[in-house]
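The values are calculated or read from the model by the stated rules, or taken from the named source; none is laboratory data. Note that this is a predicted model, so its numbers are computed, not measured. Ideal geometry is used to build each Cβ from the backbone, glycine not excepted, and the neighbour counts take in all protein chains shown. All accessible areas refer to the heavy atoms of the entire protein, side chains included, with ligands and DNA or RNA removed. Shrake-Rupley method; radii C 1.70, N 1.55, O 1.52, S 1.80 Å.
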Amino acid sequence: MSSRAMFIFAAISGFVLVAFGAFGAHVLSKSLGPSEMAWIHTGLEYQAYHTLAVMGLGAAMLRRANIWFYWSSAAMALGTILFSGSLYCLALSHLQFLVFVTPVGGLCFLTGWILMLIGALRLKTKAERYE
């Protein structure tokens, strides 16, 4: 995933985040129960955090290419789709098999954070300070 791809993912994910959040608050909240709205809220929260993380990794990759950051962003993007996407679909459809997809997305998130840590530890020099 190049910096360009990371920024494209972050832009699309951010757009979906805001649009689905507004739709959920203004439309779905009138027809879904508290459990379903909690699933949507959890999906939105995790999508927000990981969208920002992918955007940050994209910015870091502009300064210095790092294969660990590359794979970290890929894992976080996949985690966003699987974790948040499965929660949204579960809330809207009640398809029970989706409860098995959500933890796979969570594992992708964890993998992404570990890969980011490895990438950070393997950076050769400290970042330059600009004054």
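Placing unit charges on the Cβ atoms of the charged side chains and taking the dipole of the chain about its Cα centre, the candidate lying farthest along the positive direction among Gly85, Phe23, Tyr70 is Tyr70. At an R0 of 25 angstrom, the distance between the Cβ atoms of Val18 and Thr42 translates into a FRET efficiency of 0.90. In the elastic network of the chain, a GNM with C-alpha springs shorter than 10 Å, the most mobile of Leu17, Leu87, Leu62 is Leu62.
In percent, how large is the relative contact order of the chain, given Cα pairs closer than 8 Å and 6 or more residues apart?
Numbers: 147 pairs, mean separation 36.0, N = 131.
Reported relative contact order: 27 percent.
For Met37, the accessible area of its heavy atoms, probed at 1.4 Å with every protein chain present, is near 50 square angstrom. Spatial offset of region 88-110 relative to region 1-63 amounts to 15 Å, using the alpha carbon center of each. Note on Ile8 and Ile67: the model spin-label points, each 7 Å out from Cα along the C-beta direction, lie 2.3 nm apart.
In the chain, the longest principal axis of the Cα atoms and the axis of helix 3-26 are about 20 degrees apart. At the residue level, Tyr49 shows approximately 120 square angstrom of accessible surface with a 1.4 angstrom probe and all protein chains present.
Between helix 67-79 and the chain there is an angle of about 0 degrees, using the helix long axis and the longest principal axis of the Cα atoms. Protein heavy-atom surface of the chain, 1.4 angstrom probe: 73% of the accessible area is carbon and sulfur, with nucleic acids and ligands not counted.
The slack in the chain from Leu28 to Gln96, taken as 0.36 nm per residue of separation less the alpha-carbon distance, amounts to 22.5 nm.
Rounded if a/c is under 1.5, else prolate if a/b beats b/c, else oblate: with a ≥ b ≥ c from the C-alpha gyration tensor eigenvalues square-rooted, which is region 17-56? Could you put the intermediate results ahead of the total?
Values: a/c = 5.74, a/b = 2.07, b/c = 2.77.
Oblate, because a/c is 1.5 or more while a/b does not exceed b/c.
Using a probe of 1.4 Å, the accessible surface attributed to Ile12 totals some 100 Å² when neighbouring protein chains are kept in position. Averaging the sequence gap over all C-alpha pairs within less than 8 Å and six or more residues apart, then dividing by the number of residues, gives region 52-123 a relative contact order of 38 percent.
For the chain, rounded, prolate or oblate, judged on the Cα gyration tensor with a ≥ b ≥ c (square roots of eigenvalues), a/c < 1.5 rounded, else prolate if a/b > b/c? Prolate shape, in that a/c is at least 1.5 and a/b is the bigger ratio. Report, to the nearest 10°, how far helix 34-63 tilts away from the longest principal axis of the Cα atoms in the chain, using its own Cα long axis and a range of 0 to 90°. The helix 34-63 is inclined about 20 degrees to the chain.
Helices in the chain, meaning DSSP H runs of at least 4 residues, each add -39500 (n - 2.57). Divided by all residues, the mean residue ellipticity at 222 nm is -25000 deg cm²/dmol.
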